Amino acid sequence: MRGLWFRIGPIITVVIAIFVLWYAGSVALNSAWAHDKAKRAGVELSTSELIADTMNQKKPKLPPPHQVGAEIWKTTGDMVLRGKAFSKRSLIYHSWITLSSTLLGFVLGTALGIALAVGIVYNRTMDMSIMPWVIASQTIPILAIAPMIIVVLNAIGISGLLPKAVISMYLSFFPVVVGMVKGLRSPDHMQLDQMKTWNASGNQEFWKLRLPSSMPYLFTSLKVAMAASLVGAIVGELPTGAVAGLGARLLGGSYYGQTIQIWSALLTAAALAAALVGIIGVIQKHVLKRMGMAQ
Amino acid sequence: ADDVTLQLKWVTQAQFAGYYVALDKGFYADEGLNVTIKPGGPDIAPAQVIAGGGADVVLDWMPSALASREKGLALVNIAQPFKSSGMMLTCRKDAGVSSPDDFAGKTLGVWFFGNEYPFLSWMSKLGLATDGSDGGVTVLKQGFNVDPILQGQAACVSTMTYNEYWQIIDAGLTPEELMVFKYEDQGVATLEDGMYVMEENLKDAAFQDKMVRFVRASMKGWKWAESNPDDAAMIVLDNDASGAQTEEHQKRMMSEVAKLTAGSNGALDPADFDRTVDSLMSGGSDPVITKKPEGAWTHAITDKALN
Amino acid sequence: MTTDPVISAKNLSLTFQTNDGPVHALQDINLDINKGDFVSFIGPSGCGKTTFLRVMADLEKPTAGDITVNGVSAEEARMARAYGYVFQHAGLYPWRTIGGNIRLPLEIMGVSKAEQDAAVNEVLDLVHLDGFEKKFPWQLSGGMQQRASIARALAFHADILLMDEPFGALDEIVRDHLNEQLLELWARTNKTIGFVTHSIPEAVYLSTKIVVMSPRPGRIADVIESTLPKERPLDIRDSEEFIKIAHRVRDGLRAGHEDDV
Amino acid sequence: MTTDPVISAKNLSLTFQTNDGPVHALQDINLDINKGDFVSFIGPSGCGKTTFLRVMADLEKPTAGDITVNGVSAEEARMARAYGYVFQHAGLYPWRTIGGNIRLPLEIMGVSKAEQDAAVNEVLDLVHLDGFEKKFPWQLSGGMQQRASIARALAFHADILLMDEPFGALDEIVRDHLNEQLLELWARTNKTIGFVTHSIPEAVYLSTKIVVMSPRPGRIADVIESTLPKERPLDIRDSEEFIKIAHRVRDGLRAGHEDDV
Amino acid sequence: MSWLIAGIVVWLVGWGLNVWLANLPKTRLTRLVVPVLFGVTLIAIWECVVQGFNINPVLLPPPSMIAVRFASSTSILWQDFVQTVIKGALSGYIIGCGAAFLIAVVIDRFPFLQRGLLPIGNFVAALPVIGMAPILVMWFGFDWQSKAAVVVIMVFFPMLVNTVQGLQATDHMQRDLMRTYAASYPQTLLKLRLPAAMPFIFNGLKISTTLALIGAIVAEFFGSPIKGMGFRISTEVGRLALDMVWAEIVVAAIVGSAFYGGVALLEKAVTFWHPSQRGQE
Ligand SMILES: Nc1ncnc2c1ncn2[C@@H]1O[C@H](COP(=O)(O)OP(=O)(O)OP(=O)(O)O)[C@@H](O)[C@H]1O
Ligand SMILES: Nc1ncnc2c1ncn2[C@@H]1O[C@H](COP(=O)(O)OP(=O)(O)OP(=O)(O)O)[C@@H](O)[C@H]1O
Ligand SMILES: Cc1ncc(C[n+]2csc(CCO)c2C)c(N)n1
Ligand SMILES: [Mg+2]
Ligand SMILES: [Mg+2]
């Protein structure tokens, strides 16, 4: 029991601290509008009236947690209870839309990343030519070229899930390349020499040495890539007409100044990312344990 | 049925009710058309989409369409369901703005992305510099919403009669506290939400025919929406995949939009076109277009569609 | 011993190019090793022992001179999987169990599953690690890891065994024990063994031939043919013959240290 | 020698809690070390030598029993910077030059710059690393790194010196040489030295007291008071006395190995 | 047609040349020439494809057109660079990385915070910035301050996590050594943990360079004064001036690579002792 508190206790404390700060922030940020309103109405606000007002504005600068919580419940749990989990007003539906392109993009990005890493490790020309451009590619603001990618893919007849996934891929392949290049190069000289003494083929060297030793790097990169892929999916939703998905909710909230909706979409996205990363973490634990690389 | 893809200029909302009504009520189907409506958004340039072959017909504002035409992308206006402009500049009285003479030295929120042209030509008509120099105005690139006026970051923001204006009202400011400058009233109105197609496509008779049927059905949709605003708003709501729109807001938007489409049967009034062009070319040192556009509109479609 | 030498080095030199100039690791090495020889290499740290072993194993290319193994070039010998190599550090793959590590070279050489199992059992037994087959390397002490690494090199029956300080991490008792085992194996299989060590008694106890090297550039200072019998109980180390050879090795070593420390 | 012992362990036990159960690293250790003693610890791998040294240095807390250093608790002694410690692996900070590494403890103890310089020069000279002050650790061979690490522990003049297999990575000649140097230093400064080694001759050659340990749980199997004189030339190792002591140590060791290997 | 053939020829020649160069012994020159040649080949192929397939410049302008636009718009590009990179990205980078560093040191001192903050930190780090940007613009106004705030949020967690990890990167023995000296906390921090953490800290700093730039640009999409790289990009797309958009992207890529390269050089100087640095050259 003490062990549990040891792990959970600090987290709970910090979460409570965050909530306190959040409420304080809501009061501080929202009171300007409350004052503004009161001044225009020509009334004086007492402190308690002021606080009450900041807790319940329609378009607060910073919605307090209970407002965001209520909105999330209204668009998730409540929807489920009413049997409309997949209606357009349900965040579950929008999360699913985003999730599907996230996962596709993640798979594509991981595949591309690993392929490039293998190329870079095994081919000297690729090693010397590609890396600087991979870095440069990540300095291009994706939001700027996302619409072009969508339009260009559209022009050659590709639409739907794939264009969004391509943007996810663009963001997620980078951490995989960097991590895998490091990982595939992590066997030390001795281990490589050993393979040489047994006259192992390139294939054997890859499967029996380089790939297993890159596993810890791979999983770390996959976590980063997953988070990046989710961001990519959200970015990709904007120029496809922001029809559906968490990105559309964010944007929709933005158009209409619905801060509560923005925050609830934002937190849902973060929870989704945390869950996806968590799943990779669990897989990592199991795989590494089976491989004897973690205690 | 013939496939037609329509690219909207903005997200699904009552601003585009006519098209959704036509789709929902089967007006397109009656004309033998299979129409796909693609919602737009802040990152979607309809002209770019049509250039990339992603749409057969796009909705755009005329200033931006004419500017694209000068860039070498031959867009042609085939129909103009919006008679009047819904653009306005909404200011807070307590920021000290009561007439255009008060703009100097103030901060004004403006939409860019090709939507800034009407504003720029208005300012140059007023003789106000927009590059931040003395005696001019400070221009902000306004985001998607009306926050700057609520937060007091700008004295005025751009609004549409049917949309952003009501967001300001919803946020708690009253009409009495606001000063509104409609572009129509200031004599700088430009045409909004026209239907545009690629000039080269028009040479194809089959395409022409498709457009004739499309425009006819769309206008039928518009007229239906004008007379049944609340039902039209609900149809829009049904088509909004993001689930972000509210019934109240869309119904109000529909009733405002109806005022703008009221005067048009779909055919472009050449006088409106000339007025728009004059306004764009009068822009002093920095006109939006440099020469009078030729062939930027046609009555070929509406003549067949509406008679 | 009129047969061709198994390993033969002629005027062998190896220079490493580093950023602060060339390092002459080996210079003008001439050495023949015959079938069934047990050759120890001894010399001060950094004198080129490891480098020479690596050249024999074709892990390093000499910059001058020739080396032949089994009458062919070192590379061809490596391709023919002519030898087993024990590295200075155990170097087990952490994601494989002890059994998996020993099995690895067999997998690579395409040995059948049944033969793999038999070989693994046999060598585990030899180094007294039976029962540890399913453990991972980090679950073993340093000495046990070292033994697993030796077992791995023994698992496939190469005729030549190259061992780089295999017993460095072990305490004296275990070391003595493994020395005996190694001698027994060598006598039984008639392998040719190249063996690097820092310990003079170990070199004398094990070898038929002791190569004393001197540093910078690595040269052969002395080659001592052992006069000890092939049969060697542990207490042979107290014999006069043994002490005499050990003295000669120590003198050779000391000469190499002259300019040093 | 009627003075109080410098280090005194009473019924000392230490159990590590690991996820597959407790590991009894030390059990019921009783030992007194007097001022000026040179105590060697010898025993099979994993028997708890390092652990015991770490307990003396307050790097590990015993789970039962007491330890006093200089009459106070190990922690107070550590705070008073009573000892220098040489780790089993060199453990130099790679971002500091050799000089910088040796200077590190002096900086921490607030010694003046001039005194630092003097001390660094002195100890570099002692371990024959003069001229390498400005080099980084990775530019040195393993043996040189080990010597630098010894120099670091000598740089500040602590009365107690705890050394964990300091000469493990060195070849015999260098090792002999450093053994002599260490004896000379010890005789000159009358330090108290705790010394872990795997080498029986080294233990016998250096020590006034040899502690033989046996494994699982780590206990003291034998404590041998050396009868060798304080003055010890290298060839004392061929003396009868020496060989007798070495035999006793070997027997103690072997007993500890019984269940093993 | 001839453009397409030219494209294929350029491709083959560029690739062949690169293969040949790459297999020469590595020198500082080949290290530089090979990637440049790769890029030049790519750009030449792009030109040939755009010309050959007659792709509309409002979709993808040819590099030549971008170059012309770049050359004729240097003053605008410079003004945008100052607004976005110097004011927005750089200040946010310094504040964000600096704050993360200090907080990491505090967290490292108090394990309780470490166990509480890091899991939460991972959650917060997963917040998509796109969502934060409009909120921060609302909070901090239109000018560069809100851009810097976005950058601060973007770089904060990668930097924090790396620094915390780095501060723990010392091995047991290195820490025990400090214990034997009875070193005080600040002494241990200064002489052991910080130097040992440097490779990780630089990892964070490197990741943060590209994040800072992207953050500053993207934030401008959500409201800005009428200058800045993000403003220009979003505005000029609407005006179909894709050549200008790409000119800005070129600036972003150059600045980003230079920023990254600069930090990498600094890294090399500071962590020269780390095996990953020693391996090279
Ligand atoms: N890859 C390399 N690059 C440059 N110099 C090297 C390389 N490998 C070894 N050397 C140098 O070559 C010399 C011989 O090294 P080698 O490893 O063969 O010594 P050794 O006799 O095995 O020493 P030890 O007893 O410490 O194992 C040393 O001076 C070493 O610094
Ligand atoms: N931190 C630890 N956690 C758990 N067990 C440990 C730990 N440190 C040491 N041990 C165990 O305690 C026992 C004694 O270890 P110690 O390092 O003292 O041995 P040693 O005598 O120094 O061996 P060597 O000669 O190999 O250095 C071993 O069985 C070891 O596995
Ligand atoms: C970034 C941004 N760009 C343009 C517009 C302008 N706009 C295009 S369609 C339309 C009608 C819907 O209100 C409006 C206002 C905007 N609002 N935000
Ligand atoms: Mg060696
Ligand atoms: Mg130990």
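The values are calculated or read from the model by the stated rules, or taken from the named source; none is laboratory data. Note that this is a predicted model, so its numbers are computed, not measured. We place every Cβ from the backbone using ideal geometry, glycine too, and count neighbours over all the protein chains shown.
Restricting the search to strands (runs of 3 or more DSSP E) fully inside the stretch B:100-164 and requiring at least 1 residues that are modelled with pLDDT of 85 or more, within 16 Å of ligand 4 (Cβ to nearest atom) and buried (at least 20 other Cβ atoms within 10 Å of the Cβ) gives an empty result.
Does A:Gly3 qualify as being free of Cβ contacts under 8 Å to residues at least 24 places away in the same chain, within 14 Å of chain E (Cβ to nearest Cβ) and assigned to a helix (DSSP H, G or I)? It is true that A:Gly3 is free of Cβ contacts under 8 Å to residues at least 24 places away in the same chain, within 14 Å of chain E (Cβ to nearest Cβ) and assigned to a helix (DSSP H, G or I). Answer yes if at least one residue in the stretch C:106-116 is surrounded by fewer than 21 Cβ atoms within 10 Å (Cβ to Cβ), assigned by TED's automatic domain parsing to the domain that holds C:Ala74 and within 19 Å of C:Ala57 (Cβ to Cβ), and no otherwise. No, the stretch C:106-116 contains no residue that is surrounded by fewer than 21 Cβ atoms within 10 Å (Cβ to Cβ), assigned by TED's automatic domain parsing to the domain that holds C:Ala74 and within 19 Å of C:Ala57 (Cβ to Cβ). Got at least one residue in the stretch A:101-117 being surrounded by fewer than 16 Cβ atoms within 10 Å (Cβ to Cβ), assigned to a helix (DSSP H, G or I) and not hydrophobic (A, V, I, L, M, F, W, C)? Taking every residue of the stretch A:101-117 in turn, none turns out to be surrounded by fewer than 16 Cβ atoms within 10 Å (Cβ to Cβ), assigned to a helix (DSSP H, G or I) and not hydrophobic (A, V, I, L, M, F, W, C).
Take the stretch C:31-46 and flag every residue that is small (Gly, Ala, Ser), within 16 Å of ligand 4 (Cβ to nearest atom) and touching a Lys or Arg at 6+ places or on another chain (Cβ under 9 Å). Break it down into steps so the answer makes sense when it comes.
First, pick out the residues of the stretch C:31-46 that are small (Gly, Ala, Ser): C:36, C:40, C:43, C:45-46.
Right, trim to within 16 Å of ligand 4 (Cβ to nearest atom) and you get C:40, C:43, C:45-46.
Within the stretch C:31-46, C:Ser40, C:Gly43, C:Gly46 meet the criteria.
All conditions in (1) touching a Lys or Arg at 6+ places or on another chain (Cβ under 6 Å); (2) within 14 Å of chain E (Cβ to nearest Cβ) hold for D:Gly65, with the sole exception of (2). Anything in the stretch C:52-87 that is touching a residue at least 12 places away in the same chain (Cβ under 8 Å) and β-branched (Val, Ile, Thr)? List them, or say none. Those that are touching a residue at least 12 places away in the same chain (Cβ under 8 Å) and β-branched (Val, Ile, Thr): C:Val55, C:Thr63, C:Ile67, C:Thr68, C:Val69, C:Val86. Where strands (runs of 3 or more DSSP E) fall entirely within the stretch B:1-75, none has at least 3 residues that are more than 14 Å from chain A (Cβ to nearest Cβ), modelled with pLDDT of 95 or more and in contact with a Phe, Trp or Tyr (Cβ under 8 Å, 6 or more places away or on another chain).
Going by the structure shown, is E:Leu127 part of a loop (DSSP other than H, G, I, E, B) and without any contact (Cβ under 8 Å) to a residue 40 or more places away in the chain?
Details: part of a loop (DSSP other than H, G, I, E, B): yes; without any contact (Cβ under 8 Å) to a residue 40 or more places away in the chain: yes.
Yes; evaluated as a whole, the condition is true for this residue.
Selection of the stretch A:219-258 for residues being over 17 Å from A:Ala270 (Cβ atoms), surrounded by fewer than 24 Cβ atoms within 10 Å (Cβ to Cβ) and more than 8 Å from chain B (Cβ to nearest Cβ) yields A:Phe219, A:Thr220.
Of all residues in the stretch E:176-191, which are of a type outside the set (Val, Ile, Thr) and either touching a residue at least 24 places away in the same chain (Cβ under 8 Å) or at the interface with another protein chain (Cβ under 7 Å from one of its Cβ atoms) (or both)?
First pass over the stretch E:176-191, keeping only residues of a type outside the set (Val, Ile, Thr): E:176-179, E:181-187, E:189-191.
Answer for the stretch E:176-191, where residues must be of a type outside the set (Val, Ile, Thr) and either touching a residue at least 24 places away in the same chain (Cβ under 8 Å) or at the interface with another protein chain (Cβ under 7 Å from one of its Cβ atoms) (or both): E:Asp176, E:Leu177, E:Arg179, E:Tyr181, E:Ala182, E:Ala183, E:Tyr185, E:Gln187, E:Leu189, E:Lys191.
Name the pairs: first residue in the stretch A:126-145 and in the same structural domain as A:Gly232 (by TED's automatic domain parsing) and on the phi > 0 side of the Ramachandran plot, second residue part of a helix (DSSP H, G or I) and modelled with pLDDT under 80, Cβ to Cβ under 7 Å, at least 6 apart or on different chains? Qualifying pairs under 7 Å: none. Only a single item in (1) farther than 30 Å from A:Ser95 by Cα; (2) assigned to a helix (DSSP H, G or I) is not met by B:Gly263, and it is number (2).
Examine the stretch B:253-268 for a residue that is without any contact (Cβ under 8 Å) to a residue 60 or more places away in the chain, more than 24 Å from A:Leu238 (Cα to Cα), of a type in the set (D, E, K, R) and out of contact with any helix residue (DSSP H, G or I) (no Cβ under 8 Å at 6 or more places or on another chain), and state whether such a residue exists. The answer is no, given that none of the residues of the stretch B:253-268 is without any contact (Cβ under 8 Å) to a residue 60 or more places away in the chain, more than 24 Å from A:Leu238 (Cα to Cα), of a type in the set (D, E, K, R) and out of contact with any helix residue (DSSP H, G or I) (no Cβ under 8 Å at 6 or more places or on another chain).
Condition (residue is of a type in the set (S, T, N, Q) and at pLDDT 85 or above) applied to the stretch A:242-257: is it met by at least one residue? Let's see the steps before the verdict.
Within the stretch A:242-257, the subset of a type in the set (S, T, N, Q) is A:254.
If we keep only those that are at pLDDT 85 or above too, we end up with none.
Checked against the condition, which is being of a type in the set (S, T, N, Q) and at pLDDT 85 or above, the stretch A:242-257 yields no hits at all.
When each of D:Leu161, D:Leu185 is tested for being in contact with a strand residue (DSSP E or B) (Cβ under 8 Å, 6 or more places away or on another chain), away from chain C (no Cβ under 14 Å) and of a type in the set (A, V, I, L, M), the lone residue that passes is D:Leu161.
In the stretch C:39-90, what count of residues is obtained for those that are of a type in the set (Ser, Thr, Tyr) and under 21 Å from C:Ile108 (Cβ atoms)?
Taking the stretch C:39-90 first, the residues of a type in the set (Ser, Thr, Tyr) are C:40, C:45, C:50-51, C:63, C:68, C:73, C:83, C:85.
Now restrict to residues that are under 21 Å from C:Ile108 (Cβ atoms): C:83, C:85.
Adding up the residues that qualify gives 2.
Checking the stated criteria, E:Val105 turns out to be over 30 Å from E:Ser224 (Cα atoms), modelled with pLDDT of 90 or more and more than 12 Å from every other protein chain (Cβ to nearest Cβ). If you go through the stretch E:193-231 and keep only what is over 27 Å from E:Gln83 (Cα atoms) and without any contact (Cβ under 8 Å) to a residue 60 or more places away in the chain, you end up with E:Leu194, E:Pro195, E:Ala196, E:Ala197, E:Phe200.
Determine which member of the set D:Asp176, D:Asp171 is within 16 Å of ligand 4 (Cβ to nearest atom) and more than 15 Å from the chain's Cα centre (by Cα).
On the way: D:Asp176 fails: within 16 Å of ligand 4 (Cβ to nearest atom).
The unique qualifying residue is D:Asp171.
Given the structure, is C:Leu26 touching a residue at least 60 places away in the same chain (Cβ under 8 Å) and within 29 Å of C:Ala255 (Cβ to Cβ)? Yes; evaluated as a whole, the condition is true for this residue.
When the stretch D:29-72 is filtered for residues that are within 16 Å of ligand 5 (Cβ to nearest atom) and over 19 Å from D:Val86 (Cβ atoms), the ones remaining, listed by number, are D:Ile29, D:Pro44, D:Gly46, D:Cys47. Could you identify the single residue in E:Val270, E:Val237, E:Val250 that is free of Cβ contacts under 8 Å to residues at least 40 places away in the same chain and farther than 30 Å from D:Ile160 by Cβ? One residue alone meets the criteria, E:Val237.
For the stretch E:167-259, which helices (runs of 4 or more DSSP H) that fit wholly inside it have 2 or more residues that are assigned by TED's automatic domain parsing to the domain that holds E:Ala104 and among the charged types (D, E, K, R)? Once the helices (runs of 4 or more DSSP H) in the stretch E:167-259 are filtered for at least 2 residues that are assigned by TED's automatic domain parsing to the domain that holds E:Ala104 and among the charged types (D, E, K, R), what remains is E:172-180, E:229-238. Candidates are the residues of the stretch D:32-49 that are away from every other protein chain (no Cβ under 11 Å) and β-branched (Val, Ile, Thr); the one that is nearest to ligand 1 (Cβ to nearest atom) is D:Val39.
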